[in-house]
Amino acid sequence: MREQFLYAFCQRNIADGREYLDSLIFHSPALDRVKVDFVDEYVQGAWFTPPELIDERPLLFFPGGGYVFLPVATASLHALIALATGRRLFALTYPLAPEHPFPAQLVAAQRAIHWMTERQGIRLESLILGGASAGGNLCLAMLLTLRDQGRAQPALAFLLSPWVDLTNSGASMVANEPMDWISKKTSDMASGWYCGREQADHRLVSPLYADLQDLAPIYIQAGGSEIFVDMIRAFAGRAGNQGAQIQLDVWEKMIHCFQSFGDDIPEARAALGQLGQVVNYGLS
């Protein structure tokens, strides 16, 4: 997976890289158990609906891909989350760097919030936001933006292996690289395309450096062997010290976004089960 991801980054142009990644499909049986409806109107994305709903209130999810890719294969993770939570999940399709650098993705996320609240009739206070990797970064930027606008916070934000620092700090960026499928090299390339070096520590680009007070409750899952784990631990500690309601669960020896393996490994099953508990019953 690491070699394929690096190969996609190193194609002659980014369009070829996206086409290559989209040809790599890791099909999960979960996709056969959900209903998928594509949306292309005020926003772009897809609804993933499980066969039985535990709660009518949906999830707004920001997929990962380093802000450079939105691989077709991530649909499996969206299906797994919808099944684990028993809720409809809307996975947003947002603009990609380098053609559309920061803040284009945040503008798209704000548009999705407006679509959910004004056109779908969902109260912001009852909406749950989620994101994986770069999508976790976007989710946090959205929380900060809502707070700074004086608006209500969502009921909860859940983050899977969030990329919380685009300066790519932390010893695990190098120490865990032999075990993970993403690398410091690709992370540095993606960060440069998204925001450039001069904006990498901007609070809406790297939430690790933001004021983290008065945000929605935050639930984070990370892998103990992923390259982002040090920055994620630093973020959780900093948020907790500022009074945020936050819970971090780390699965040792797991890699970046390991939940995508679904029923194939017990750790992914356990993490998805815990995610369902938090989404439906709150932080422990």
Practice problem: Spot the failing condition for Val278; the list is (1) assigned to a loop (DSSP other than H, G, I, E, B); (2) surrounded by fewer than 22 Cβ atoms within 10 Å (Cβ to Cβ), and only one is missed. | Solution: (1)
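Residues are listed down the side, and each one gets a yes or a no for (1) within 16 Å of Gln44 (Cα to Cα); (2) hydroxyl-bearing (Ser, Thr, Tyr):
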site: Thr74; (1), (2): yes, yes
site: Leu77; (1), (2): no, no
site: Leu80; (1), (2): no, no
site: Ala84; (1), (2): no, no
site: Ala104; (1), (2): yes, no
site: Gln120; (1), (2): yes, no
site: Ala132; (1), (2): no, no
site: Gly135; (1), (2): yes, no
site: Ala141; (1), (2): no, no
Quiz item: Can you tell me which residues in region 253-284 are touching a residue at least 24 places away in the same chain (Cβ under 8 Å) and over 25 Å from Pro178 (Cβ atoms)?
Solution: Asp263, Leu272, Gly273, Gln274, Leu275, Gly276, Val278, Val279, Asn280, Gly282, Leu283, Ser284
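Within region 217-249, take every residue that is assigned to a loop (DSSP other than H, G, I, E, B) and crowded, with 23+ Cβ neighbours inside 10 Å and give me the one that is nearest to the chain's Cα centre (by Cα). Can you show your working first?
First, pick out the residues of region 217-249 that are assigned to a loop (DSSP other than H, G, I, E, B): 217, 224-228, 242-245.
Those still in the list that are crowded, with 23+ Cβ neighbours inside 10 Å too: 226-228.
Details: Glu226: 15, Ile227: 15, Phe228: 13 Å.
Here the answer is Phe228.
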Quiz prompt | Unique residue being farther than 30 Å from Ser126 by Cα, surrounded by fewer than 23 Cβ atoms within 10 Å (Cβ to Cβ) and in contact with a strand residue (DSSP E or B) (Cβ under 9 Å, 6 or more places away or on another chain) when the list is Glu252, Glu267, Glu198 | solution = Glu252
Practice problem: Would you mind listing the strands (runs of 3 or more DSSP E) fully within region 10-126 where at least 2 residues are buried (at least 22 other Cβ atoms within 10 Å of the Cβ) and either free of Cβ contacts under 8 Å to residues at least 12 places away in the same chain or in contact with a helix residue (DSSP H, G or I) (Cβ under 8 Å, 6 or more places away or on another chain) (or both)? | Solution: 44-49, 59-62, 89-92
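Only the coordinates and a few stated rules stand behind these numbers; no lab work does. Not measured: the values here are computed from a predicted model. When we count neighbours, we look across all protein chains shown, and the Cβ atoms used for this are built from the backbone with ideal geometry, even at glycine.
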